[in-house]
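The values are calculated or read from the model by the stated rules, or taken from the named source; none is laboratory data. A quick note: this is a predicted structure, and the numbers were derived from the prediction, not measured. A quick note on method: Cβ atoms are made from the backbone with ideal geometry, for glycine too, and the neighbour counts reach across all protein chains shown. Heads up: the accessible areas ignore ligands, DNA and RNA and are worked out on the full protein's heavy atoms, side chains in. Shrake-Rupley method; radii C 1.70, N 1.55, O 1.52, S 1.80 Å.
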Amino acid sequence: QVHVVESGGGSVQAGGSLRLSCAVSDLIIFSHYRMAWYRQTPGSQRELVAFISMSSTQIKYADSVKGRFTISRDNAKSTVTLQMNDLKPEDTATYYCKADPIPGTSDRPFWGRGTLVSVSA
């Protein structure tokens, strides 16, 4: 069974920084999957924050976090990180890590349970 575990959430004041980490238990799965961070607030749909391809050659960000967040991955350690700078109260959410299979395959995605980020004004 593949486990996806997020860490690094917490409370911070506006303008501060946090670094989220996500560890995937299966190295082979990790190296063949794209990785992404999503976030969700109560009553809202889960939204994509950042995405990174298997070889890190493709990276995408939500417009709301461009220039402030940076996603990276270490295939040797099967980890993906999200560096969040200049945090704003609207960044408050539960952040989820997703191991995302290549489209067109029968592979399933894997989600973590989330880590809470709270940004105060």
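Screening residue 26 against (1) touching a residue at least 60 places away in the same chain (Cβ under 8 Å); (2) open to solvent by 40 Å² or more (accessible area, probe 1.4 Å); (3) closer than 21 Å to residue 108 by Cβ leaves a single unmet condition, (1).
Quickly run through region 1-35 and pick out the residues that are under 16 Å from residue 84 (Cα atoms) and in contact with a Pro (Cβ under 9 Å, 6 or more places away or on another chain).
Matches in region 1-35: 14 only.
Number of residues in region 64-97 that are open to solvent by 30 Å² or more (accessible area, probe 1.4 Å) and closer than 26 Å to residue 29 by Cβ equals 11.
Among the residues of region 15-50, which ones are touching a Phe, Trp or Tyr at 6+ places or on another chain (Cβ under 8 Å) and among the hydrophobic types (A, V, I, L, M, F, W, C)? Result: 20, 22, 24, 29, 35, 36, 37, 48, 49, 50.
One line per residue, one yes/no per condition, for (1) under 19 Å from residue 10 (Cβ atoms); (2) at pLDDT below 95; (3) of a type in the set (Gly, Ala, Ser):
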site	(1), (2), (3)
29	no, yes, no
32	no, yes, no
37	yes, no, no
49	yes, no, no
62	no, no, yes
79	yes, no, no
88	yes, no, no
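Residues that are open to solvent by less than 70 Å² (accessible area, probe 1.4 Å) and not small (Gly, Ala, Ser) were ranked within region 51-60; the one that is modelled with the lowest pLDDT is 54.
Evaluating residue 38 against the criteria (1) within 16 Å of residue 99 (Cβ to Cβ); (2) free of Cβ contacts under 8 Å to residues at least 60 places away in the same chain; (3) in a strand (DSSP E or B); (4) of a type in the set (Ser, Thr, Tyr) leaves one unmet condition, (2). A Cβ distance below 7 Å, combined with a sequence gap of six or more or placement on separate chains, defines the contacts here; from region 81-96, residues that are among the acidic types (Asp, Glu) reach residues that are open to solvent by 40 Å² or more (accessible area, probe 1.4 Å) in the pairs 86/15. Within region 4-20, being in a strand (DSSP E or B) and open to solvent by less than 40 Å² (accessible area, probe 1.4 Å) holds for 4, 6, 10, 12, 18, 20.
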